[in-house]
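Asks: I'd like to ask you about the structure that follows.
The values are calculated or read from the model by the stated rules, or taken from the named source; none is laboratory data. These figures come from a predicted structure and were not determined experimentally. Glycine gets a Cβ as well: all are built from the backbone with ideal geometry, and neighbour counts include every protein chain shown.
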Amino acid sequence: MTHARTATRLLPLTADDEPVIELTGVDKIYASGSLEVAALCGIDLRVERGAYLAIMGPSGSGKSTLMNILGCLDVPTSGTYRLAGEDAGTLDEEELAHIRNRRIGFVFQQFHLLAALSAWRNVELPLIYAGFGRAERRARALAALDHVGLADRADHRPSELSGGQQQRVAVARALVTEPALLLADEPTGNLDSASTADVLGLLDELSAAGSTIVLITHEADVARAAGRVVHIRDGRLEHEGPL
Amino acid sequence: MRFSETLRFAVQAVLAHRMRSLLTTLGILIGIAAVILTVGLGQGAQQQVTSQIDALGTNLLVVTPGSSTGAGGVRGGLGSASTLTTADARALSSRVVAPDVAAVAPVSQASETLTAGTSNWTTTVVGTTPQWRTVRGRTLLEGRFLTQADLDSVAPVVVLGPTTASELFGLRDPLGQTVSVGSVQLTVVGVLASAGSSGSASLDDQAITPQSTAAQRILGGSARTTVQSIYVSATSSSTLPAAYQETRAELLNLHGVTTPDFSVTSQESLVTTATSVSKTLTVLLAGVAALSLLVGGIGVMNIMLVSVTERIREIGLRKALGAAPRVIRRQFLIEASVLGLVGGIGGAALGVGGAALLPGVIGSPVTVSPLVVVGSVAIALAIGLLFGVYPAGRAARLTPIEALRRE
């Protein structure tokens, strides 16, 4: 059952001069019946390695569509998307799954931890799909949990953890494959203010340590944590630059 | 992703809903147990019939006289004529005339009451030749069988069936003892071994005497050389048709007739009829069992669809984390197979257990062959797999965006 790909290890990090994200003229058009809705129009975006970018916009602005394309959960209708130097715009579902596994770490608003699994079992999930052996998975998962300050909670189920801790586990899961991009979709949307500060502090630390982070939010307070903010409205990037 | 990991996920998912998984596997379990038991019952019945017929003698042809026409034109049934003689039997023994015939035994028999001391027992007295033992495939428990010398000297000797011997002599050794048939005293020279556990009682309950002794001293009758039937055994089952032709041709020739005044029957036709009956029964029962398996399979599919719907967010997450569609498909296929396999193994255990208990309850033999057990477990696995295809395909086709957004 070994697929050629599952045997390969994590890809090496990209060359320093290569941007992590490079969107050029990206359109996304949804067709529902005869009606065509343009969710994204001519998006150009570059995110350099080590950058911390917030994408802000109200609901219905195309924010989620952009996040899906950045996360390789969807492909653009036209335009090109290069993720860490690889053209992600023309891949089939299997290749997209592969690139998500190797290059992207997701942090979701609802945490999306599997309730039946302990913290470290949740963290090791991406490594299973990457084909790592049992011992190495455990070692890496525990290291990632240690990284987010939850080494002593490795055997706890999500239900035994606070919201902030759960989101930290999710961040550990996102980090465990050493991805080129950490993609956080409203990571504080379900957290109280203390936990929000907690998670944003963690992202700050990761950014300071060199991680490339894209944060999607509709809250200005959260966006302020990022080094750079872009606004999206009606499917277009409105203005780039610090708030 | 490694197979062992996929299997682990599948087993975890099955164990996550123990009650539900149990009830789902129950459908398969009952189906498999039913298949094993019905096939076992069918095979048991078939074996019983076959061995009973085998006990009559393999490769056996039986020649019986044709019908007689009495005074006033009343025609008797088959066997009512007295056209077969010891001469016929001797002629058939010739290797030249009938090369495919291994042994020939003429038989005359009647029901007689035997007495030994104070006990008596009514049984079938058979007058025949030493070849009878070969033709009927019998062995001796003790003593000896009839010899040609017995036949030639009209010796007053008898070989008893095991049932007859115990009825007359109980635990005493019958060898050398005397039994009386009417006024004739016969010395017991041997006892037959039982015709086997499945043999019908009549095979073990008879008294064998030389044909000459029976004809001249016991049975009497019009012609002392007339016999009731002639057993003919072919050299092998493959030469049975040839032996049939030779027997028929020789008897037609000897009797100087063109239409046979006798009939030759083989056990083959009996076996065919008997097994076809039990086969039909087995097919019918197995069909019912297969239907219950189908229902069990639909149960698996139903639960797998529920499972996919219920775990839609988990599927979305796994996909976002890098599980390719084929990986998700495999996970759910294996999950369905695990349900099928567990049901199959449980069903096999129940079936084998039932097969051990059932004969005591209903009195019919149940034969469980390892092939059927292994086969039905494989079928259960295949059913799980088959009915998992559609739910697994649905899970694999889910887009991670939709699946993650689902509340």
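Asks: Checking B:S212 against (1) touching a residue at least 24 places away in the same chain (Cβ under 8 Å); (2) outside any strand (DSSP E or B); (3) out of contact with any Leu (no Cβ under 6 Å at 6 or more places or on another chain), which test does it fail?
Replies: Among (1) touching a residue at least 24 places away in the same chain (Cβ under 8 Å); (2) outside any strand (DSSP E or B); (3) out of contact with any Leu (no Cβ under 6 Å at 6 or more places or on another chain), the lone unmet condition for B:S212 is (3).
Asks: Take the residues of the stretch A:71-121 that are in contact with a Cys (Cβ under 9 Å, 6 or more places away or on another chain) and more than 9 Å from every other protein chain (Cβ to nearest Cβ): which is nearest to B:R397 (Cα to Cα)?
Replies: Per the stated criteria, the residue is A:L91.
Asks: Would you please list the contacts, defined by Cβ atoms under 6 Å and residues six or more apart or on different chains, that run from a residue in the stretch B:150-167 that is of a type in the set (D, E, K, R) to a residue that is crowded, with 18+ Cβ neighbours inside 10 Å?
Replies: Pairs that qualify, where the first residue is of a type in the set (D, E, K, R) and the partner is crowded, with 18+ Cβ neighbours inside 10 Å, are B:D150/B:V157; B:D150/B:P210; B:E167/B:W121.
Asks: Right, another one. Any residue at all in the stretch B:7-14 that is within 14 Å of chain A (Cβ to nearest Cβ) and in a loop (DSSP other than H, G, I, E, B)? Please lay out each step first, then the result.
Replies: Going residue by residue through the stretch B:7-14, those that are within 14 Å of chain A (Cβ to nearest Cβ) are B:7-14.
With the extra rule that they be in a loop (DSSP other than H, G, I, E, B), the set shrinks to none.
There is no residue in the stretch B:7-14 that is within 14 Å of chain A (Cβ to nearest Cβ) and in a loop (DSSP other than H, G, I, E, B).
Asks: Under 6 Å between Cβ atoms, at least 6 apart or on separate chains: pull out the pairs that start in the stretch A:117-128 with a residue that is assigned to a helix (DSSP H, G or I) and end on any residue that is basic (K, R) and buried (at least 24 other Cβ atoms within 10 Å of the Cβ).
Replies: Qualifying pairs under 6 Å: A:N122/A:R173; A:V123/A:R173.
Asks: I'd like the full set of residues that are surrounded by fewer than 20 Cβ atoms within 10 Å (Cβ to Cβ) and over 29 Å from the mean Cα position of the chain (by Cα), limited to the stretch B:113-129.
Replies: Selection gives B:T113, B:T115, B:G117, B:T118, B:S119, B:N120, B:T122.
Asks: Here are some conditions: (1) polar (S, T, N, Q); (2) more than 14 Å from chain A (Cβ to nearest Cβ); (3) in contact (Cβ under 8 Å) with a residue 24 or more places away in the chain. B:Q331 meets all but one. Which one does it not meet?
Replies: (2) is the only condition that B:Q331 fails.
Asks: In addition: Among the residues of the stretch A:131-162, how many are in a helix (DSSP H, G or I) and without any contact (Cβ under 8 Å) to a residue 40 or more places away in the chain? Show your work before the answer.
Replies: Narrowing the stretch A:131-162 to residues in a helix (DSSP H, G or I): A:134-147, A:151-153, A:158-160.
Restricting the remaining residues to those that are without any contact (Cβ under 8 Å) to a residue 40 or more places away in the chain gives A:134-147, A:151-153, A:160.
Residues meeting the conditions: 18.
Asks: Pick out the one residue from B:V288, B:V264, B:V306, B:V277 that is on the phi < 0 side of the Ramachandran plot, more than 14 Å from every other protein chain (Cβ to nearest Cβ) and not in a helix (DSSP H, G or I). First the steps, then the outcome.
Replies: Working: B:V288 fails: not in a helix (DSSP H, G or I); B:V306 fails: not in a helix (DSSP H, G or I); B:V277 fails: not in a helix (DSSP H, G or I).
Matching residue, one of B:V288, B:V264, B:V306, B:V277: B:V264.
Asks: Here is a further query. In contact (Cβ under 8 Å) with a residue 12 or more places away in the chain, touching a strand residue (DSSP E or B) at 6+ places or on another chain (Cβ under 8 Å) and surrounded by fewer than 22 Cβ atoms within 10 Å (Cβ to Cβ): does that describe A:E186? Explain how you work it out, then say what you get.
Replies: Numbers: in contact (Cβ under 8 Å) with a residue 12 or more places away in the chain: yes; touching a strand residue (DSSP E or B) at 6+ places or on another chain (Cβ under 8 Å): yes; surrounded by fewer than 22 Cβ atoms within 10 Å (Cβ to Cβ): yes.
The answer is yes for A:E186.
Asks: Taking the condition away from chain A (no Cβ under 14 Å), touching a Leu at 6+ places or on another chain (Cβ under 8 Å) and within 19 Å of B:L294 (Cβ to Cβ), does B:G384 pass?
Replies: Values: away from chain A (no Cβ under 14 Å): yes; touching a Leu at 6+ places or on another chain (Cβ under 8 Å): yes; within 19 Å of B:L294 (Cβ to Cβ): yes.
The answer is yes for B:G384.
Asks: Another one. Of the residues in the stretch A:18-68, how many are within 14 Å of chain B (Cβ to nearest Cβ), within 14 Å of A:D185 (Cα to Cα) and not β-branched (V, I, T)?
Replies: Here the count works out to 7.
Asks: In the stretch B:334-347, what residues are within 30 Å of A:D74 (Cα to Cα), touching a residue at least 60 places away in the same chain (Cβ under 8 Å) and more than 11 Å from chain A (Cβ to nearest Cβ)?
Replies: The initial filter retains those residues of the stretch B:334-347 that are within 30 Å of A:D74 (Cα to Cα), namely B:334-336.
Within this subset, residues satisfying the condition of being touching a residue at least 60 places away in the same chain (Cβ under 8 Å) are B:334-335.
The answer is B:E335, and nothing else.
Asks: Also, I was wondering about something else. State all residues of the stretch B:356-375 that are at pLDDT 90 or above and either among the acidic types (D, E) or surrounded by 13 or more Cβ atoms within 10 Å (Cβ to Cβ) (or both); if no residue qualifies, say none.
Replies: B:V373, B:G375
Asks: Mind listing whichever residues of the stretch B:348-398 are without any contact (Cβ under 8 Å) to a residue 24 or more places away in the chain and outside any helix (DSSP H, G or I)?
Replies: B:G363, the sole residue that qualifies.
Asks: Return the residues of the stretch A:89-107 that are surrounded by 24 or more Cβ atoms within 10 Å (Cβ to Cβ) and among the hydrophobic types (A, V, I, L, M, F, W, C); say none if nothing qualifies.
Replies: Within the stretch A:89-107, A:A97, A:I104, A:F106, A:V107 meet the criteria.
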